[in-house]
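Here the structure comes first, spelled out in structure tokens, and everything after it is commentary.
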Amino acid sequence: MTDRPLIILQVGFPSESIREVHGDIPSWFCRAIQHPLEKTEVIRVFEGEALPPPDANRVAVITGSWAMVTDRLPWSEAAAGWIREAMSIGMSLFGVCYGHQLMAHALGGEVEWHPQGREVGSQAIQLHPHASNDVLLSTLPREFPAHLTHMQTVSRLPEGALALASSAHDQHQIVRYGPNAMSTQFHPEFTPEIAADMIRQRKTVLTEEGFDPLALLSGVLPSPEATELLRRFVHQAFNRAAPQHEVLAQSA
């Protein structure tokens, strides 16, 4: 396998105050996945950095963003085209929040502003009964907490996609697009500390929207199951790609 098997398509930038305490988004994902940042190719798609050719021997994670998929920004639409190419060769893809919505949009689904507004804080994720048939979800509890912060939603899934979990607020919390592609509306890379600081940063806006920031903060929970899903997906993809790469190397 390549010495940088993981690609992170970074589609947003946290505030300076968040970065000063927690670092940048790629480091959050690498800690969650337990994969070295120095062995990861980070592409700042939102700054116009060029995307590498899709590669079925690598894994790509598409991050969250402060942009909106419905704005159809040029860099976002370019990333959507890249997702379609990657899917056509069976590359492993995992989308988170904006990445979740972007994958759905790229593959023919629809994304809209959520009619009930923002979903934020630690919320209960309920697996659907058929999720027990998914190898990555079969050992997870039927309900587990996860960190959320989003205002848009996947309103219609692409043809062939399958919703595997929901929350009280959003019916598409985990989506499977095929054997090598999955996305989550929730943030498996967030620690409780990151989630809490995100709430503190938005305290005024949340209050204006009718939320109680103190209640949200007191409700922040660890989310090991959410993080484990991301980690399992990536490491399963590494294991799937490595033998193929080794065979090619031996035959060269």
Worksheet entry | Scan of segment 8-18 for residues that are in contact (Cβ under 8 Å) with a residue 24 or more places away in the chain, open to solvent by 10 Å² or more (accessible area, probe 1.4 Å) and outside any loop (DSSP other than H, G, I, E, B), ordered by number | Ser17
Worksheet item: Within segment 121-134, which residues are hydrophobic (A, V, I, L, M, F, W, C), closer than 29 Å to Lys203 by Cβ and crowded, with 17+ Cβ neighbours inside 10 Å?
Response: Ile125
Item to complete: Would you check which residues across segment 200-220 are of a type outside the set (A, V, I, L, M) and either in contact (Cβ under 8 Å) with a residue 40 or more places away in the chain or part of a loop (DSSP other than H, G, I, E, B) (or both) and list them?
Response: Gln201, Arg202, Glu209, Gly210, Phe211, Asp212, Gly219
Worksheet item: Residues Leu164, Leu206: which one is of a type outside the set (Asp, Glu), closer than 21 Å to Ala67 by Cβ and touching a helix residue (DSSP H, G or I) at 6+ places or on another chain (Cβ under 7 Å)?
Response: Leu206
Worksheet item: Can you spot a residue in segment 176-185 that is in a strand (DSSP E or B), open to solvent by less than 40 Å² (accessible area, probe 1.4 Å), among the aromatic types (Phe, Trp, Tyr) and in contact with a helix residue (DSSP H, G or I) (Cβ under 9 Å, 6 or more places away or on another chain)?
Response: yes
Worksheet, complete the sentence: If we ask which residues in segment 136-184 are among the β-branched types (Val, Ile, Thr), more than 16 Å from the chain's Cα centre (by Cα) and within 30 Å of Asp197 (Cβ to Cβ), their number turns out to be 0
Worksheet item: Does segment 240-251 include one or more residues that are in a helix (DSSP H, G or I), modelled with pLDDT under 95 and within 21 Å of the chain's Cα centre (by Cα)?
Response: yes
Worksheet item: So which residues in segment 54-70 are under 24 Å from Glu16 (Cα atoms) and open to solvent by 10 Å² or more (accessible area, probe 1.4 Å), if there are any at all?
Response: Ser65, Trp66, Ala67, Met68
Item to complete: Report the residue count in segment 135-157 for those that are of a type outside the set (A, V, I, L, M, F, W, C) and either buried (at least 17 other Cβ atoms within 10 Å of the Cβ) or part of a strand (DSSP E or B) (or both).
Response: 9
Discussion item. For segment 155-193, which positions are among the hydrophobic types (A, V, I, L, M, F, W, C) and either in contact with a strand residue (DSSP E or B) (Cβ under 6 Å, 6 or more places away or on another chain) or over 18 Å from Ile62 (Cβ atoms) (or both)?
Written reply: Ala161, Leu162, Ala163, Leu164, Ala165, Ala168, Ile174, Val175, Ala181, Met182, Phe186, Phe190
Worksheet item: Which residue, of Arg176, Arg118, Arg142, is basic (Lys, Arg) and over 27 Å from Asp71 (Cβ atoms)?
Response: Arg142
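Identify all residues within segment 187-218 that are among the small types (Gly, Ala, Ser) and surrounded by 15 or more Cβ atoms within 10 Å (Cβ to Cβ); write none if there are none.
Scanning segment 187-218 gives Ala195, Ala196.
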Worksheet entry | Residue within segment 160-172 that is more than 19 Å from Ile33 (Cα to Cα), free of Cβ contacts under 8 Å to residues at least 60 places away in the same chain, in a strand (DSSP E or B) and in contact with a Gly (Cβ under 7 Å, 6 or more places away or on another chain) present | no
Response to the item:
Scanning segment 83-97 for residues that are under 17 Å from Gly108 (Cβ atoms) and in contact (Cβ under 8 Å) with a residue 60 or more places away in the chain, the one most open to solvent (accessible area, probe 1.4 Å) turns out to be Met87
Fill in: Top-ranked residue of segment 1-18 - restricted to ones that are touching a strand residue (DSSP E or B) at 6+ places or on another chain (Cβ under 7 Å) and modelled with pLDDT of 95 or more, ranked as nearest to Ile83 (Cα to Cα)
Leu9
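The values are calculated or read from the model by the stated rules, or taken from the named source; none is laboratory data. Keep in mind the model is a prediction, meaning the values are calculated, not measured. In this analysis, Cβ positions are derived from the backbone assuming ideal geometry, glycine residues included, and neighbour counts consider all displayed protein chains. When the accessible area is computed, the model is the full protein with side chains, heavy atoms only, and any ligands, DNA or RNA have been set aside. Shrake-Rupley method; radii C 1.70, N 1.55, O 1.52, S 1.80 Å.
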